[in-house]
Structure formats: C-alpha cells, structure tokens
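Data block below; observations after.
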Amino acid sequence: MGKWILGLCIVSMSFLGSGCKEAKNRIADKEKGSIKDTTNVINECDQFLQDYEGWVKNYITLIKRFQQNPKDKTIIADYQIMVGQIGQWDNRSRQCIKDSAILKRYVELQEMLNDYAVQVVSN
C-alpha cells in the first residue's frame, strides 16, 4: 500500500515540471520612490520555493508516518489533502521555473523527494 501511495505521488509530482504565477518583486518604496528597501521583501518565487520545500518535507514525513504505522487511517486523509495541492504547486511554479536559480532549487527539491521515494520503494 505504501509503495502504491508513494508511486502515485511521484507520478503526480512529475507533472509539476511544467511550470509560479507571474513573479513580481514587491519592493516597498520608503521615501517616495527615492530609496527602495528590499531587505524584508520576498518575491513570489522565493516564497514559492519556501512553501514548496515545506510541502516536500511534509510529504516525506507523511511517508515516514505510514512506514511506522500503516494502519493509521489519518494518513490517507492527510495524503488526499497533499495530492489535492499538487495542482496548486503546478500553477505557482510555471513562471518561477523560468528563472535558472529558482529552477535549480526546484529540481533539488524534486530530487530530494525522488531519492526518498526510491529508498522507500527499494525496501
């Protein structure tokens, strides 16, 4: 069952490579446009990466929970919620992955998920 769930998610995640809503740098003008303060501003794509990394880590934690207790029925409900979010990640990633730095980190996160999946399926 766990391998089936993991396999389904990997297939679902493979569709994410297609592409973040338009990346917009939100830069706050401090003094009527003369000085721009970017220290506390995170653009949409940076936020996307932070959120996506959290999602990947949560997914890995979910699989670990399943491995420890495959009879826990709450795992299936949590899994369904996570799978339901895949479309959201696809929409958010579209514009962002056009940036090479964002794409690099995105691919690293994909590899982290895939590496863990391979370990689980191998066992």
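Read-outs: derived from the displayed coordinates by stated rules, not from any lab. Computed from a predicted model, the values in this text were never measured in an experiment. Cβ: placed from backbone, ideal geometry, glycine included. Neighbour counts: every protein chain shown.
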>> Go through the stretch 75-96 and report how many residues are of a type in the set (Gly, Ala, Ser) and surrounded by 15 or more Cβ atoms within 10 Å (Cβ to Cβ).
In response: 1
> Taking into account only those residues within the stretch 97-123 that are outside any helix (DSSP H, G or I) and among the charged types (D, E, K, R), which is surrounded by the most Cβ atoms within 10 Å (Cβ to Cβ)?
Replying inline: ASP99
> Based on what the data block shows, is ARG65 surrounded by 12 or more Cβ atoms within 10 Å (Cβ to Cβ), closer than 15 Å to GLU44 by Cα and touching a Ser or Thr at 6+ places or on another chain (Cβ under 9 Å)?
Replying inline: no
